[in-house]
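Quick notes on the structure that follows.
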Amino acid sequence: MNNNYFTEIFETPFETAKAVAAKFNELTCKYIKEKDIVNSALSGGKTPELFFDVLSNDYFNISYPEKINFYWVDERCVPPESSESNFGEAYRKMFSRFPSVKNLYRIKGEDNPEVAAENYADLLKKNLPIKNGIPVFDIICLGLGDDGHTASIFPGNDELLTTDKICAVSLNPYNGQKRITLTVEVINNAHNIIFFVTGKNKAETVRDILMKKNNYEKLPASHINPSEGNLYWYLDSDAASLIDINYFKNLRIQNSNEDTCM
Ligand code: 6PG
């Protein structure tokens, strides 16, 4: 495992969310100090809700959220008013309470999907620095589906694992809903990638990806391997319950009474 890969395990989803928010804040302060701005991308789904709570309640008053550009990793092809909208949910749960945080660059889920993907790619090429010929994020926050999807890259979307496109249209195979997603190439180009995963239902997938077991390459999240950036896996004890802790080099296990670094 690369030296720039880190696995951290916490007792509860809330403790894990606190650690993710602390890392996000640590990184944003680092980049704000270096270049007075930070480019981040958020994922959707249920898991980030705790992260949004902790980040906004504990850090938006003490750090510089107005200097953070918030982009999105993926979006469902719905309008922002929809409860399905990743931007909409983040806005209603977090950003709506902090009017000073204005740098929100949502994917326009209400537009024609191909057009929205093209337009978002153009926006990223215009706004972000370029590294290896493609836009580079400072921080990308990812979740993990129990089927091994991440962003909106689902098992079977093999073209999204290798395409040189920055954004693409994908299909949720479970309900046929169209989505727009960053591709693996632009995710792996990031300086920092943070996975935040909780729950027993993800334990087998986490084990297969992190310990490279059981046809793990078929799991899109196993292709998230930044060549130069840092990769952080933040797991609660349920999601980490099937991994062999001796397998990891950079592993930190924080439980109620101790903090063990392996
Ligand atoms: C989305 C997310 C997706 C999510 C996983 C995990 O648009 O749904 O970007 O990749 O991170 O599906 O979702 P949960 O956190 O709800 O388990």
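Only the coordinates and a few stated rules stand behind these numbers; no lab work does. Predicted, not measured: the structure shown is a model, and the values here were computed from it. Counting neighbours? That spans all protein chains shown, and the Cβs are built from the backbone with ideal geometry, glycine included.
Before moving on, here are some points about what is shown:
- Computed FRET value (nearest 0.05) for SER83 with LEU104, which takes r as the C-beta separation and R₀ as 22 Å: 0.75
- Beta bridges by DSSP in the chain, antiparallel share as percent, to the nearest 5: 35
- Label-point gap, in nm, between LEU171 and ASN57 - each point 7 angstrom along Cα→Cβ: 4.1
- With both labels modelled 7 Å from their Cα along Cα-to-Cβ, the GLU26 to GLU217 distance reads 3.4 nm.
- Selected from TYR105, SER241, ILE180, residue furthest toward positive end of dipole (the chain; charges at beta carbon): TYR105
- Annotation: the antiparallel percentage among DSSP beta bridges lying fully within the range 109-262 is about 55.
- Low-density loop positions, GluC sites (Glu not before Pro), the range 150-242 - DSSP coil, at most 15 other Cβ in 10 Å: GLU228
- Listed cross-link partners LYS67/LYS131; LYS131/LYS212; LYS18/LYS218 are compared with a 25 Å cut-off, the Cα-Cα value being larger for LYS131/LYS212; LYS18/LYS218.
- Applying 0.36 nm per residue to the separation of SER241 and LYS33 and subtracting their alpha-carbon distance, the gain on full extension is 71.1 nm.
- Three-way shape label, the range 12-135, alpha-carbon gyration tensor, a/c 1.5: oblate
- Where labels lie 7 Å past Cα in the beta-carbon direction, separation of ASN119 and GLU11 in nm: 4.8
- Under 17 Å from the Cα of LYS108 - aspartates and glutamates, other chains or at least 8 residues apart: ASP74, GLU75, GLU81, GLU84, GLU89, GLU118, ASP122
- Using R0 = 30 Å, the C-beta based FRET efficiency linking LYS67 and SER227 works out to 0.65.
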